[in-house]
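A.B. asks: The structure's right below; bear with me while I get my questions together.
The values are calculated or read from the model by the stated rules, or taken from the named source; none is laboratory data. It should be emphasised that the depicted structure is a prediction, and the values quoted were computed from it without experimental measurement. Here the Cβ positions follow ideal geometry from the backbone for every residue, glycine too, while neighbour counts run over all protein chains shown. In case anyone asks, the SASA skips ligands and DNA or RNA and just uses the protein heavy atoms, side chains included. Shrake-Rupley method; radii C 1.70, N 1.55, O 1.52, S 1.80 Å.
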Amino acid sequence: MYRKKECIAMLLAGGQGSRLHTLTKKVAKPAVPFGGKYKIIDFTLSNCINSGIDTVGVLTQYEPHSLNAYVGTGQPWDLDRLNGGVSILPPYQRGTNTEWYKGTANAIYQNERFINEYNPEYVLVLSGDHIYKMDYSKMLEQHKKTNADVTIAVLDVPLEEASRFGIMNCYDDGTIYEFEEKSKNPKSTLASMGIYIFNWDKLRKYLKEDEENKDSKNDFGQNIIPLMLEKGELLMSYKFEGYWKDVGTINSLWEASMDIISPESSLSLDDDSWVIYSRNTGSPPHFLGAKSSVKHSLVSEGCEIDGNISNSVLFRNVTVGTNAKIDHSVIMPGAIIEDGAEIYYSIVASDAHIKSNAKIGGCPEDFDKNDWGISVIASDITIDEDVIVKPNKIIEESILNNKAGAK
């Protein structure tokens, strides 16, 4: 057993993220690039260390290789420690039995031994696929002050969006008396953020009971939380006020990327009091050619820009040729945009190659609202010269000489 920790974090990072389509074909959702130099998981890992939580288990499952390699020993987040730090926790064989994580609760249950090694009083359960900055220590302070069995972070959402979330109905003092799972007619607008602090002794008991229930989906939202409510445990809400976004769809990922460069957004990446850490790639400084134009955009290290960039986010080592135009778009690491190519309201994935005079996407004012949407170009594919990819298209294979019919 290691030295006792008051609270450890268990970060659920095994999701496939199927609604991100081709962007998660080769990587888990938490490993998707975001914000010019980060991956989505950087936000949760940074929140942990900034909150004083130095022991984090990262539970991986779907396409774990790139995420495992990226997290590594945890050095960028100051989580490379002899006692605690970050640990990668994939499913593993125990005795004669081996199985994938069956749900969020089962994933924690399968790692009971890891948690017990630190003998914590509290376990913080997190998701690795949200964009936000949050001080978990304040949530933990409230949890202890109220003597709650579980504290659930909630966010006040617009009523028209409430049906998309699990909703917590609460008394004025924050006590949760009812949980509604994506109700069509929710009674409140306090949405669960999927962030929980449990008393470990209490959670361990409910995980065991849930595991023995063969009809359970082994999920916190669908099973553990309702069961605790049914048995009269004290569930408290912790109201979060700040930027939070589930980037689980193409649109939400693009919107969050645009929020980074919006002066009206509360998502700031240059806050010295709450740094978001990431792994440094060691690329050289970016280069802007004599005829290049860059307006209201983020351009990361290693980029070579000879074209025109506006309202966009460019990751490391992107090449943009002469007279190329990129507007309201996200260009992921290593992509090549050749001379004269045009990209509007799109996401171009890592190492894609957009050849000369190709056109990707379009501006919303130029199309009927039913036809317009964000276009996506998959990683490692080529869009040939003069090819036109209309808005709201997801291109997963190379288009050569315009024979694949993207027009």
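A.B. asks: Which of rounded, prolate, oblate describes the stretch 238-288, given a ≥ b ≥ c as roots of the alpha-carbon gyration tensor eigenvalues and a/c under 1.5 marking rounded, otherwise prolate only if a/b is larger than b/c?
C.D. replies: Details: a/c = 1.88, a/b = 1.45, b/c = 1.30.
Verdict is prolate for the stretch 238-288.
A.B. asks: Another question about this same structure. For the pairs 102/205; 291/393; 295/325; 205/231; 325/359, flag any whose C-alpha to C-alpha distance is greater than 20 Å. Display every interim value, and only then the final one.
C.D. replies: Working: 102/205 18 Å; 291/393 31 Å; 295/325 12 Å; 205/231 12 Å; 325/359 9 Å.
Flagged as over cut-off: 291/393.
A.B. asks: What FRET efficiency do you get for residue 137 and residue 25 if R0 is 56 Å and r is their Cβ-Cβ distance, rounded to the nearest 0.05? Don't skip to the end; give the middle numbers.
C.D. replies: Numbers: r = 37 Å, r/R0 = 0.66.
Computed FRET efficiency for residue 137 and residue 25 comes out at 0.90.
A.B. asks: Going by alpha carbons, how many degrees (0 to 90, nearest 10) lie between the helix axis of 41-50 and the longest principal axis of the chain?
C.D. replies: Once rounded, the angle reads 50 degrees.
A.B. asks: Would you mind working out the accessible area per residue for the chain, using a 1.4 Å probe, and quoting it in Å²? All intermediate terms of the calculation are to be shown ahead of the outcome.
C.D. replies: Details: 18550 Å² over 407 residues.
In whole numbers, the chain has 46 Å² accessible per residue.
A.B. asks: Which percent of the accessible area of the stretch 91-159 is formed by carbon and sulfur heavy atoms (probe 1.4 angstrom)?
C.D. replies: Values: 1390 of 3010 Å².
Summing carbon and sulfur atoms, their accessible area is 46 percent of the total for the stretch 91-159.
A.B. asks: I need to check one value: relative contact order of the stretch 239-312, counting alpha carbon pairs closer than 8 Å and at least 6 residues apart, in percent.
C.D. replies: Details: 73 pairs, mean separation 17.5, N = 74.
With pairs under 8 Å counted, the relative contact order is 24 percent.
A.B. asks: As I understand it, the value is the acute angle between the Cα axis of helix 200-212 and the longest principal axis of the Cα atoms of the chain; what does it come to in degrees, rounded to 10?
C.D. replies: Value to nearest ten degrees: 80.
A.B. asks: In whole percent, what relative contact order does the chain give with Cα contacts below 8 Å and a gap of six or more residues? Each step should come with its number before you reach the end.
C.D. replies: Numbers: 963 pairs, mean separation 51.5, N = 407.
Result for the chain is 13 percent.
A.B. asks: Pairs of Cα atoms under 8 Å, at least six residues apart: use those to get the relative contact order of the stretch 307-407, whole percent. Numbers along the way, then the final one.
C.D. replies: Working: 305 pairs, mean separation 19.8, N = 101.
Across the stretch 307-407, relative contact order equals 20 percent.
A.B. asks: I would also like to ask the following. Among 69-80, 167-178, 40-51, what's the highest-first ranking by average C-beta atoms within 10 angstrom per residue?
C.D. replies: On the way: 69-80: 17.9, 167-178: 15.6, 40-51: 23.7.
Packing order, densest peptide first, comes out as 40-51, 69-80, 167-178.
A.B. asks: Right, here's the next one. Residue 234 label point, 7 Å along Cα→Cβ, cut-off 17 Å on backbone N: hits in the stretch 175-215?
C.D. replies: Under cut-off, by backbone N: 175-178, 197-203.
A.B. asks: To test your reading of the geometry: what angle, between 0 and 90 degrees and rounded to tens, separates the Cα axis of helix 250-261 from the longest principal axis of the chain?
C.D. replies: That works out to roughly 80 degrees.
A.B. asks: Pulled fully out, how much extra length does the chain show between residue 3 and residue 66, if you take 0.36 nm times their separation in residues and subtract their Cα-Cα distance?
C.D. replies: Between residue 3 and residue 66, full extension yields 19.6 nm more.
A.B. asks: Please list, ordered by chain and number, the residues whose modelled amide H lies under 5 Å from the amide H of residue 343; skip anything fewer than 5 residues away on the same chain.
C.D. replies: 325, 326, 327, 360
A.B. asks: Can you work out the FRET efficiency for the pair residue 272 and residue 310, with r the C-beta to C-beta distance and R0 = 30 Å, to the nearest 0.05? Mind showing how you got there, number by number?
C.D. replies: On the way: r = 28 Å, r/R0 = 0.92.
That gives a FRET efficiency of 0.60.
A.B. asks: What nm value, rounded to one decimal, do you get for the distance between residue 119 and residue 368 when each label is placed 7 Å out toward the C-beta?
C.D. replies: Here the answer is 6.9 nm between the modelled labels.
A.B. asks: Could you order peptides 188-197, 359-368 by the average number of other Cβ atoms within 10 Å of their residues, highest first?
C.D. replies: My ranking of the peptides, most packed first, is 188-197, 359-368.
A.B. asks: Tell me which label goes with the value of semi-axes √(5λ) of the Cα gyration tensor in Å computed from the coordinates here: (i) 40, 23, 20; (ii) 29, 24, 21; (iii) 37, 27, 20.
C.D. replies: After the calculation, the listed value that fits is (i).
A.B. asks: For a test of the definition: using alpha carbon positions, the gyration tensor, and the 1.5 limit on a/c, classify the stretch 1-149 as rounded, prolate or oblate.
C.D. replies: Details: a/c = 1.60, a/b = 1.20, b/c = 1.33.
It comes out oblate by the Cα gyration axes.
A.B. asks: Would you list, by chain and number, the lysines whose Cα falls below 24 Å from the Cα of residue 184, excluding same-chain residues fewer than 8 positions away?
C.D. replies: Of all the lysines, those that pass the test against residue 184 - Cα under 24 Å, at least 8 places apart if same chain - are 217, 239, 245.
A.B. asks: For the stretch 21-34, take each phi angle, set θ = phi - 60°, evaluate the Karplus expression 6.51 cos²θ - 1.76 cosθ + 1.60, and give the result in whole Hz per residue in order, putting x for glycine and proline.
C.D. replies: Result, ordered by residue: 6, 5, 5, 10, 5, 10, 9, 5, 4, x, 8, 5, x, 8 Hz.
A.B. asks: Calculate what fraction, in whole %, of the accessible area of the stretch 282-407 sits on carbon and sulfur atoms when a 1.4 Å probe is rolled over the protein chains. Kindly include the intermediate steps, with their values, before the conclusion.
C.D. replies: Details: 2500 of 5790 Å².
Whole-percent figure for carbon plus sulfur exposure: 43.
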